[in-house]
Amino acid sequence: MADSPVEDQELLRQLGKGNETAFTTLYERYQGPIYRFALHMSGNTATAEEVTQEVFTLLIGNHKGYEADKGPLGNYLFGIARNLTRRVMQRSRLDLPIEEEWLDTGEAGFTSDLDVLSELSNSELLEFLRKAVLALPEQYREVVALCDLEEMSYGDAGALLECSPGTVASRLHRARAMLKTKLLKIRLSFQKCVK
Amino acid sequence: MREIDPQSGDLKSDDRLTEALRGLAVSSRQGAPAEVGAGLATAFRRHHARRRLVRRISMAALAACIALLAGLMSLRSRSPHQVPTRQIVKEQPSVIPAKAPQDVTVAKAAPTPARPVKRHLKPKAANSNLAAASRQFLALPGYDPAVPADELRVVRVQVPASALWQMGAPVSPDSGARKFMADFVVSQDGTPYAVRLVQ
């Protein structure tokens, strides 16, 4: 995702002058990651579209809002997307808070027994995983969406989330433990339904 | 559920989870629908068209302001030459009187020097003395504008202040018997038309 910041700045400068090609290049470069981030965070395509549209509309209207010395353009756009996604989710109550019991990752019986995943079909697994990610608390969902799904480095994610890379790693570790627990629960409820 | 070694199971499950997350990332390698991009491109064009329009309008307004300022400045730079011209024009009627009778008299008396002898001045001398004379002579009540200038003459005499005052000359009646040297513009029949104090 991260292209040369200098090139981004030049494209942004051209965008400010009204160069549509520069805008299209920046859009093509960043729309995918931003759309997916919003989608993973909200689980809703309409929200993801709305956020993507809003991010680039803001860029068109105020390209000078980006300050190069504060980080790459991608992080700036992700920051806007993050805030917008939060706002939209609060507005539409799409945020699905995780149940308290799921936050307790001390249930070793569940966490160590993830062989059950191999018994699921690929499509089932992806569907369960998607639901499990959506069920994570926001701060854990963010790191999974950025680091695991968008393959962002801990440093970049930390800069975006305004925390240290160590905090990102710690959150990610905890998020994965939660995901395992969640997957097992989903799978168990699925088995019950099948029977 | 099967019994497995917790540690190896944990590592295995981590790998599986990572693999599953990677699969999820790949499966969701999608971007925003094309309509979003098209809408944004339209918004971009509209935004910049509006910006260009605003810029043109503001440039035109700026140019108009500059032109207006330049016009005002050129008017100001011209005005210092015009004011004295107007002043001169305004002063001229007082030099060549058309309204005030005493000035008319002066114009007619202008050729006469301050001597008790009738003299005919050359036109050039008359012109040069006209202004000075007009400032000094005062028309008397007996002035008749119909009398031709060449029938007038100037006579210098010593006159008591009281007599001058009675004729309307600018002397104080308190001066009593004090005598003043004065030039009188008189007609051929001796009627005084104007007076000028010499002392």
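Where a number appears in this text, it was derived from the coordinates with a stated rule and is not lab data. From a predicted model like this one, the values you see are computed outputs, not experimental measurements. For neighbour counting, all protein chains shown are included, and Cβ atoms are generated from backbone atoms with ideal geometry for every residue, glycine included.
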B:Gln136 versus A:Glu151: modelled label distance in nm, points set 7 Å from Cα along the beta carbon direction = 11.5
note = Rounded to the nearest 0.05, FRET efficiency between B:Glu151 and B:Leu72 (Cβ-Cβ, R0 56 Å) equals 0.50
query = In nm, to one decimal, how far is the B:Ala41 label point from the B:Leu197 one, both placed 7 Å along Cα→Cβ?
reply = 10.1
task = At 7 Å along the Cα-to-beta-carbon direction for both A:Leu188 and B:Met181, put a label point, then send me their distance in nm to one decimal.
result = 14.2
